[in-house]
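Below: the structure, in structure tokens.
The values are calculated or read from the model by the stated rules, or taken from the named source; none is laboratory data. Since the structure is predicted, the reported quantities are computational estimates derived from the model, not experimental observations. Reconstructed Cβ throughout: ideal geometry from the backbone, glycine too, with neighbour counts over all protein chains shown.
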Amino acid sequence: MNLMLDQIIATEVSTAVSDVLAGKPSGKTIWIDNGDPADLDETFASFAGVDGYFYRTTLTLLDRTIFGTIKELLLLTKPLWSQWEWIRRDYYHEMNGLFPGSYEGLPDVYQVTYSWSELRLNRDIQWGYRIMHFAAHVLKEVAQHKPLVIALHDIQHADRLSLQTIYHLLHNLKAERVVLVMQKRPYDTVGRQITSDNGQAIEKLLGVIADALKPLHLIGSKSDGPDLAPSSQAGEQTVDSIREVVEQMRRGEWDTEKYKDQLASTMLYYNLDAVLTLGDEMLAHLPVLPAEEERAIRFHIWRQKGVALAFMEMYPEAIHAFTLMNDYAGHLSESTKAYHLLALCYGKRVGRWDIAKQFLHEGIRMTEGHSDFDTVYERCWLFNFLAYVTYLHDRNIPLALEYANTAYEGIKPFSHMAKGENVMEELEDPKVPLRLFYNLSINISYLHYFGKDYDSAIELWQNTVGDSVKNIPDVYKKEFFYFEGNILNRMGKKEESLASFERTYKIAMLNADSFNAEISVRPLAVTYFQLERFDQALQWYERSLSLKRELGDNRLTNTYMSIILCHLKLGNDEQAQSVFHEAQELLPPRFAELFVKGEVVAHANEYLDYGSYILNQSISQMII
């Protein structure tokens, strides 16, 4: 033990807390490697009774549940924020997601964040972002009323969505009057048979957070592993809680269906690290089972592990998991699914499109001539992804259309079968032919759009795709109207496109969905610009800027350039100059040079923010 090191840590923490209690606004982040949580007991005890919020916890591996830490922080500060009317008005969806039943009769966040994007290995989970942003926004406001001190011991066992929220609070929203103490010790591997859950994934996330927050870095004198002191979250039973089933397995109890369901539920709620923990425990405690039952459970475990690892950007490990998934495939359709996941990982995530295409073509070859539904279904998914690869990588639209149409005709005879209700089910194992049928209709329309065949694109979009959304709640139609607006814009039907974009915006705002509202604002603004209605274009670009600031989205360069161009078109030279100076550090050198020369308006088409062609955008506020 080095008492000098431990005393330095205690002094730094005490000083940081004292400063924020004294009214200094900046706050501080302190990162402690090793050490013992008990070393800070006396320091925190000295602040007992002061006017501030103090949250301190020791995190444990088996009690890691999504937003577990954040829920406790919100409960601690509830006496303050529960008085704020805007919580109910603007965030009842998120409250019902975090604390079910908070506002009876109103939908939760999961019900209003349906996305058309295919979820196999996509990592942008909009419900996760909405809860994260809500919680960070509330905690930022809390800290304006009373200083907030957060001490997380054994941070290596935190759930990643709680870590995302703290990152968003301090890095994106730049909250003041917050002291964050993070103490990290070795990952808990003692007595566990490890195949995937070695702590490398969470180590990677913590490294990114540390780089962004630039904490004061201290080293404690002790380096022992966690003592597994009970977390204040222990005992909380949520859908993704794994402690109960792990303890059952360790007692020698085995229940195949229960443990499979728990693994699927844990994945469904994006508790990725716990998926690896539970998967390892299942493999370690797998009893002697009938050969087919053992094969099926191993297939299931490696599939869920692979998806979790891919979400966490642990791509070599994900590829290894999907390879083992294929090894345990018991039916041709299961091998085909594994080939699809391997192709996705090699192509979209690693950039090895050559290997991705090899898996796709081999999967198509080995399923040729098979007519059973399961194999046809997975074969059509291969053609669907091959169409994507052929367009994106090879830029061969006719061939991409041929592949997509092959899949479309292949699944069409089965499209009458039951429709899945939950988009997240793509992470599980249902066969949802109607969803694939409409997914292919959407993709074929996209390909017509890319090929500038706008008549074919709008016909398929408004008929087949339109038929799929006509009887569903409006909240699920925002993607439909958004892409319709883009097609109509390219067809020269500007007024009609404005109506479609405005419908998307209204749907998003009615559901307190600022993220998608901001995306929909950009094509609205550019369409008004194209119509030479520059005052309205300016209003919408300024709305985009306002929403981005609210969301903590720091991708502001294109928005600023568009606002400057609108001012210049309106003859507002002084306002344009003012915005230019405000944003000068963000602007590209060529834009700045053209602005100074008075020539930038002639290049407006190069610098306007047109927005994306579909209502999908990476959530930059979330990190992996």
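Results, tabulated for the structure shown:
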{"quantity": "Selection count, region 507-530, where residues are assigned to a helix (DSSP H, G or I), within 23 Å of the chain's Cα centre (by Cα) and not small (G, A, S)", "calculated": "9"}
{"quantity": "Boolean, W31 is surrounded by fewer than 21 Cβ atoms within 10 Å (Cβ to Cβ), under 19 Å from Y167 (Cα atoms) and at pLDDT 95 or above", "calculated": "yes"}
{"quantity": "Residue tally, condition acidic (D, E), within 17 Å of A321 (Cβ to Cβ) and out of contact with any helix residue (DSSP H, G or I) (no Cβ under 8 Å at 6 or more places or on another chain), over region 253-302", "calculated": "1"}
{"quantity": "Any hit, region 94-109, residues being under 30 Å from F385 (Cβ atoms), of a type in the set (S, T, Y) and in a loop (DSSP other than H, G, I, E, B)", "calculated": "no"}
{"quantity": "Region 418-444 - residue that is part of a helix (DSSP H, G or I), at pLDDT below 85 and of a type in the set (A, V, I, L, M) and, of those, nearest to K357 (Cα to Cα)", "calculated": "L436"}
{"quantity": "Selection count where residues are in a helix (DSSP H, G or I) and either over 14 Å from R64 (Cβ atoms) or not assigned by TED's automatic domain parsing to the domain that holds G306 (or both), scope region 238-261", "calculated": "10"}
{"quantity": "Of residues in region 161-213 being among the polar types (S, T, N, Q) and within 25 Å of the chain's Cα centre (by Cα), the one nearest to D240 (Cα to Cα)", "calculated": "S162"}
{"quantity": "Considering residues of region 567-623 that are within 30 Å of G128 (Cα to Cα) and hydrophobic (A, V, I, L, M, F, W, C) only, the residue surrounded by the most Cβ atoms within 10 Å (Cβ to Cβ)", "calculated": "L615"}
{"quantity": "Verdict on I66 being surrounded by 15 or more Cβ atoms within 10 Å (Cβ to Cβ) and modelled with pLDDT under 95", "calculated": "yes"}
{"quantity": "Subset of region 482-506 (residues that are hydrophobic (A, V, I, L, M, F, W, C), surrounded by fewer than 22 Cβ atoms within 10 Å (Cβ to Cβ) and part of a helix (DSSP H, G or I))", "calculated": "L498, A499"}
{"quantity": "Some residue of region 173-191 being part of a helix (DSSP H, G or I) and modelled with pLDDT under 95", "calculated": "no"}
{"quantity": "Filter result (over 35 Å from the mean Cα position of the chain (by Cα) and in contact (Cβ under 8 Å) with a residue 24 or more places away in the chain) within region 20-41", "calculated": "D39"}
